1. Go through (1) of a type outside the set (S, T, N, Q); (2) under 30 Å from Ser345 (Cβ atoms); (3) out of contact with any Asp or Glu (no Cβ under 7 Å at 6 or more places or on another chain) for Ala312 and report which single condition fails.
2. Residues Ser59, Ser109, Ser81: which one is of a type outside the set (A, V, I, L, M) and either modelled with pLDDT of 90 or more or crowded, with 16+ Cβ neighbours inside 10 Å (or both)?
3. Being under 26 Å from Thr509 (Cβ atoms), out of contact with any helix residue (DSSP H, G or I) (no Cβ under 9 Å at 6 or more places or on another chain), of a type outside the set (Lys, Arg) and touching a residue at least 60 places away in the same chain (Cβ under 8 Å) is the requirement here; does Thr352 meet it?
4. Which pairs have Cβ atoms under 7 Å, sit 6 or more apart or on different chains, and link a residue in segment 368-380 that is over 16 Å from His392 (Cβ atoms) to one that is part of a helix (DSSP H, G or I) and of a type in the set (Lys, Arg)?
5. Give the residues of segment 344-362 that are at pLDDT 90 or above and either part of a loop (DSSP other than H, G, I, E, B) or of a type in the set (Asp, Glu) (or both), sorted by residue number.
6. Tell me which residues, restricted to segment 481-521, are among the polar types (S, T, N, Q) and under 28 Å from the mean Cα position of the chain (by Cα).
7. Of the numbered conditions (1) over 20 Å from Lys289 (Cβ atoms); (2) surrounded by fewer than 22 Cβ atoms within 10 Å (Cβ to Cβ), Ala386 fails exactly one; give the number of that condition.
8. State yes or no: is Leu404 aliphatic (A, V, I, L, M) and surrounded by fewer than 23 Cβ atoms within 10 Å (Cβ to Cβ)?
Amino acid sequence: MAIDGEAGFNASRADRANSISVDHREVRLCCSLVGSNYLEAQQAVFDPDFVESIEVADSHFDQKAGRVSSTDTTRDQTPMSGNVYEALRDPDVLLQVLQLNQDRLLEESFCRRCCYEAVQLFSRVLPALVIYGGTASLLVCSIWQYRWGVLLSLTLFTLYMVHLSVTILFFSVLGLFRVWRDSQEDWTAALEDWTEPLDEDGDITAKDVMHVVILPTYRTPIEVLQDTLRSLAEFRWAQRKLIVCLAFEEREEEAQEKEKRLKRTFHKEFAYMTATYHPSNLPNHLPGKSSNECWAFQQLRKELYEVKGVQASDPRVVITVMDDDSSMHPKYFEALTYHFITAGSNRRYLQTWQAPICHFKNFLRQPVLVRISSLFSTLSELACLANPLDCHVTYSTYSISLALASAVGGWDPDHLAEDWHMFAKCAVKTEGRLRCVPIFLPVLNYTPEEDGYWNTLCSRWTQAKRHALGVSEVVYVLSSSCLAFLEMPSWRRCFRFTWMMSPLLAKFTQTHFVNGMAGVWNVMAQLVIHVYMLESWCPLHDLGGPRCNLPGSEEQILRNSLLVYIQQRSTAIMAFASIFSGGLGAIYFHMVKDRVEGNVNEHWKTRSLALMWLIIEIEVSLCGIFQSFIFGALPLWIACIRIIGSIRFNHVVVGMVGRDAERELELDSP
């Protein structure tokens, strides 16, 4: 049966006591009719003879402000019944989050609007000021004067890079151990052994959890999609607990034929399989993964209610968003179920879950520069997830509860970096309490690939430019934080919000700005030492000797020499840590080699772990700095200029063998 209409609303009110507290202050989620006694009576979540539903309202009510918040303009507008309207008056109805309604918050005051626009303009210009302004200032000072100060600044930056390199090296080793450990774990047995006592009102259990996979795709070869779905079908409960939504673009000519073929092959492998088609003419929908997910999410919620009786904020449902070329670990959904259940009702709706992304699917065919880039991005992602002090952010393929996704209004259709943006949006709206929890079961995917060495490099360059545009999320975090300050009723909550959001802003800043300056400032340091300061320092072991008879005071020569010594030794340590970290990629590769395309044993470079380690060390030593500049620094320097004019950009379909050779460039949003 499904709870609907007047009877459903009355049942929901009658069982209001069965609510799960999500946060000790104001964030609560009503989970009526999900007590353990009620759910234990069901044989399975996806029993076709019985469909259970949860009556949860689909809008928010700000009780303190005394008004109902406006619905997101990206949603489909549906008539609101009187029952739902009455439900909005109860503050315990839904996961309550900040609304960040720009029109409502800024219409009351001209000063507010001016301040908001000033913050947004400043945040747009800030990246370019740091990258271009900082570099130009150091160059001018090093040529004319203050060379000692310039060298001091560059040395401090190098020391910070040493810290990052050593951190990546250490936590990559820890991450590899955790990947091995989690891959060996029996997650089904762990769920059975979970004996945490239920809340006094009852809580959901492992057998109640539903998994929904949204798979946005556009012009991806059907063989790749089939491989992705086969990896999903390896989930042992896929036929009962996994729903798959193929999110096509309406403008793809072969989409309907792909849907038919995939459903014909896999319809018995999953509990339910459906498809959505994202129209190409929707206002404010920039073609890309984010707008596709926005449309698919809204359409899927309707279909789940009509077919399965699943309400918009059903607390049992976990959504996993995947890149269409991803290969999930066979144990991922079991581990996800375990983490979802054991998080407890106070935390699970304020968490996302992230597996390490491993760009090794087509590793055997990658050119050397692309291969080195894949190694470092893969190891960096693994090290960040293994570092408990790092602020983890969702990337590429991740999971989020339906309750949280519904509470924040789903995915925004006008942003390019949908993974980072969705996390930033959820973090801001939950006042910084969102956390990303790692699940160390690698997800393998492709790097861009086309026919020919040069075309593949160009495609990777295109992807790097798109990734660099994620710096626009700094603009979003700063500008939306300004709206959050206006919406929060007390200074205490504003200070708490600032404290909670600082790690996320630092994460975005480090990821983009440090990568953008690493390939430039390290070279600049050598330029300053060997050109502009050549006659003001000497090796420490020559100080006081006849070869060190330089003009200037002895004190200044000593300080310069010490700084040069620290700079050069730090650079050597950083290079060693980076090269050695790259070698760890050989271990990682051999841990997942069974999921890599091609026969690993047929390639002499990868057949032996020791030989592969040696080859990677040589490649990183010779080409590491070049790939860092080409795929790291240069794209960011371009992105910093582009975001001054707009934070909404073209979406580019990067290369994959089998796609149309002419990559489709969409029009810029004004």
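The values are calculated or read from the model by the stated rules, or taken from the named source; none is laboratory data. Because the structure is predicted, anything quoted here is derived from the model rather than measured. Don't worry about glycine lacking a Cβ; one is built from the backbone with ideal geometry, like all the others, and counts go over all protein chains shown.
1. (3)
2. Among Ser59, Ser109, Ser81, only Ser59 is of a type outside the set (A, V, I, L, M) and either modelled with pLDDT of 90 or more or crowded, with 16+ Cβ neighbours inside 10 Å (or both).
3. Here the answer is no, as Thr352 does not meet what is asked.
4. Partner pairs satisfying both residue conditions: Val370/Arg460; Ser373/Arg460.
5. Across segment 344-362, the qualifying residues are Ala355, Pro356, His359, Phe360, Lys361, Asn362.
6. Answer for segment 481-521, where residues must be among the polar types (S, T, N, Q) and under 28 Å from the mean Cα position of the chain (by Cα): Ser481, Thr498, Ser502, Thr509, Gln510, Thr511, Asn515.
7. The one condition Ala386 does not meet is (2).
8. No, not satisfied.
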